[in-house]
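The values are calculated or read from the model by the stated rules, or taken from the named source; none is laboratory data. Predicted model only: the values in this text are computed from it and were never measured. Reconstructed Cβ throughout: ideal geometry from the backbone, glycine too, with neighbour counts over all protein chains shown. SASA here: full protein model, heavy atoms, side chains in, ligands and nucleic acids out. Shrake-Rupley method; radii C 1.70, N 1.55, O 1.52, S 1.80 Å.
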Amino acid sequence: MVVMGLVDTVERRFWARETSTDWWDHIVLEGTFMELCELLSPALKRQNTKMRAALTVEKRMVIALWKLATPDSYRSVANQFRVGKSTVGAVVMQVAKVARAIVDLLLHKVVTLGDVQAIIDGFTAMGFPNCGGAIDGTHIPILGPEHQGGQYINRKGYFSMVLQALVDHKGRFTNINVGWPGKVHDARVFKNSGLFRRLQQGVYFPDHKITVGEVEMPTVILGDPAYPLMPWLMKPYTGALDTEKELFNYRLSKCRMVVECAFGRLKARWRSLLTRSDLSPKNIPIVIAACCVLHNLCEIKGETFMQGWEVEANRLSADYAQPDTRAIRRSQREAVRIREALKARFQTERVNQ
């Protein structure tokens, strides 16, 4: 430590050359980015030293966000922002710190249920009544952990961590659960989540029931065949399908697409989620959650979504295909009655059109 202290007092004039940042210094930063910097400034601001001026909060934030948004190397980031490679390395190592600040300050404000009636009206307009959201899971590739690595190998054979998300009709995350190893089935992740417990207890949505045929139907969420059929969770029919079942599946799948689109936009904006993270397993869930917060902020603010991001995301995701999940055939009598009543209603609506 003494030696390091002596070294740190040496003037770096000969090996820390100044680099031009004119392109950055003359950009007028405003909108969502500046709001985010202001919110996180207390956690990110650094003091100047005798060696050099500290990076501004704005530049520190933009470098960290750039690293989340791209799978670029440290050297590439250094070239992009005209700072020393060692400086970028130090900043990138703080990605987890930036993510922690985002999660601590914004998660419960931004990833929230919001106006339930507006969500129900949105899904009703899309074709499914009394629906409060669509749920799914997605796998985020990671480096193999040193301990219990086998638990993280998914059905496609790579190491991953599961992100479970409930989204509204606009593709905004209203509830997330992240951190389960990739080997764990989506249904198990769901059953062990706080969302499941609150839905089971009937406290997640307000008491908003409708009558379908002769059946009372609570506010439901929509899932794929991997999820259990419950009175408050509708899933597609499987096996041999008649016309009525195909119509039900079409309506459900059309509305459930919002969660798949949300995952697509999340990963296209934050493409580091498509490559194996070099962070520790302890920090990866924090970074994933932070990206979900940033996704919602971008969607709420109407930030530009460039098609080129999606093209690049599709290229990167080809290396880590999503595992297929086995269908769960568990059902409850009341859930079956609700699904059958909905099937009949959809068929009646089709005949009357």
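Within region 193-225, count every residue that is exposed (fewer than 13 other Cβ atoms within 10 Å of the Cβ), part of a loop (DSSP other than H, G, I, E, B) and free of Cβ contacts under 8 Å to residues at least 40 places away in the same chain.
3
Let's see how each residue does on (1) open to solvent by less than 20 Å² (accessible area, probe 1.4 Å); (2) over 26 Å from Ser317 (Cβ atoms); (3) of a type in the set (Val, Ile, Thr):
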| position | (1), (2), (3) |
| --- | --- |
| Asp121 | no, yes, no |
| Gly127 | yes, yes, no |
| Cys131 | yes, yes, no |
| Asp136 | yes, no, no |
| Leu143 | no, no, no |
| His147 | no, yes, no |
| Lys156 | no, no, no |
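From the set of residues in region 261-275 that are among the basic types (Lys, Arg), out of contact with any Cys (no Cβ under 7 Å at 6 or more places or on another chain) and closer than 18 Å to Ala99 by Cα, which is surrounded by the fewest Cβ atoms within 10 Å (Cβ to Cβ)? Don't jump to the end; show me each part of the working.
Of the residues in region 261-275, the ones among the basic types (Lys, Arg) are 265, 267, 269, 271.
Adding the requirement that they be out of contact with any Cys (no Cβ under 7 Å at 6 or more places or on another chain) leaves 265, 267, 271.
Going one step further and asking which of them are closer than 18 Å to Ala99 by Cα, we end up with 267, 271.
Working: Lys267: 23, Arg271: 20.
Across region 261-275, the extreme among qualifying residues is Arg271.
Just one of the numbered conditions (1) more than 17 Å from Gly132 (Cβ to Cβ); (2) modelled with pLDDT of 95 or more; (3) crowded, with 16+ Cβ neighbours inside 10 Å is not true of Val258; which one?
The single condition Val258 does not satisfy is (1).
Residues in region 234-256: is at least one free of Cβ contacts under 8 Å to residues at least 40 places away in the same chain, part of a helix (DSSP H, G or I), over 30 Å from Ile284 (Cα atoms) and of a type in the set (Asp, Glu)?
Looking for residues that are free of Cβ contacts under 8 Å to residues at least 40 places away in the same chain, part of a helix (DSSP H, G or I), over 30 Å from Ile284 (Cα atoms) and of a type in the set (Asp, Glu), one finds at least one in region 234-256, hence yes.
Restrict the check to region 305-324 and report whether at least one residue is under 21 Å from Pro181 (Cα atoms) and of a type in the set (Phe, Trp, Tyr).
Yes, some residue in region 305-324 is under 21 Å from Pro181 (Cα atoms) and of a type in the set (Phe, Trp, Tyr).
Suppose we keep only residues that are outside any helix (DSSP H, G or I) and small (Gly, Ala, Ser) within region 259-309. Which one would you say is nearest to Phe33 (Cα to Cα)? It would help to see each step written out before you state the result.
Residues of region 259-309 outside any helix (DSSP H, G or I): 270, 275-283, 302-306.
Keeping just the survivors that are small (Gly, Ala, Ser) gives 277, 280, 302.
Values: Ser277: 24, Ser280: 27, Gly302: 13 Å.
Residue satisfying both the conditions and the ranking: Gly302.
Can you tell me which of (1) open to solvent by 30 Å² or more (accessible area, probe 1.4 Å); (2) within 30 Å of Glu310 (Cα to Cα) is the one Gly239 doesn't meet?
(2)
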